[in-house]
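Structure first, then comments.
The values are calculated or read from the model by the stated rules, or taken from the named source; none is laboratory data. Bear in mind the structure is a predicted one, so any value in this text is a computation, not a measurement. No Cβ is skipped: glycine too gets one built from the backbone with ideal geometry, and neighbour counts run over all protein chains shown.
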Amino acid sequence: MKGVIAICLEQLVVEKFGKDKWEKVLTSIGLPADTKFLPTADIDDAAVMAAIKATCTVLGITLAQAADAFGDYWVNVYAKNMYGAYYLKPKNAKEFLLAMDKVHERTTMTVANAHPPRFEYEEKDAKTLIMKYQSKRGLIDILMGLVKGVGKHFNESLKVTKLDESRLQIVFP
């Protein structure tokens, strides 16, 4: 996984809960409290997953709550600042989500060792989209939080349902 994920998690925890909580997350997974991640660094998936689980433990929240908080922060704070160009063209949440596979396709071509998830889409009807998540990481719950964050960005009340470990159903208003 790329370091941007760990950096975003760190910024979220520090901003919302305090630097001491992030330091506790790091030390609980065996890292020094002053560990810093580089955005393009390759971070072991297991280490990032351990940090997410430790964040849940330290903050006393569920994985679903952590996924929602991370998704909201990634979409509406971190990525908006880091990758602002991707926010210019889409006019609504559906357009934004349908563009994500192309963004990830370009990422795999331009960033060394990048392995972002890929997506396939099935439109059940004009308001219902099935988003198929393709990744060995098994982070469908994080994707669910990200989709909710996209809805918030566009001020749309999305109904997001996890159908199974690789598919979400998104109903647009």
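I'm trying to understand the selection: among the residues of segment 76-113, which are in contact (Cβ under 8 Å) with a residue 60 or more places away in the chain, farther than 28 Å from residue 17 by Cβ and under 15 Å from the mean Cα position of the chain (by Cα)?
97
Being more than 21 Å from residue 70 (Cβ to Cβ) and among the acidic types (Asp, Glu): is that true of residue 165 here?
Spelling it out, it is not the case that residue 165 is more than 21 Å from residue 70 (Cβ to Cβ) and among the acidic types (Asp, Glu).
Does residue 73 count as under 22 Å from residue 134 (Cα atoms), of a type in the set (Ser, Thr, Tyr), under 16 Å from the mean Cα position of the chain (by Cα) and assigned to a helix (DSSP H, G or I)?
No; evaluated as a whole, the condition is false for this residue.
Of all residues being part of a helix (DSSP H, G or I) and modelled with pLDDT under 95 in segment 22-62, which is surrounded by the most Cβ atoms within 10 Å (Cβ to Cβ)? Just the residue, please. Break it down stepwise before answering.
Quick first cut of segment 22-62, residues part of a helix (DSSP H, G or I) only: 22-28, 45-59.
After this cut, where a residue has to be modelled with pLDDT under 95 as well, the list is 45-49.
On the way: 45: 16, 46: 10, 47: 15, 48: 20, 49: 15.
It comes out as 48.
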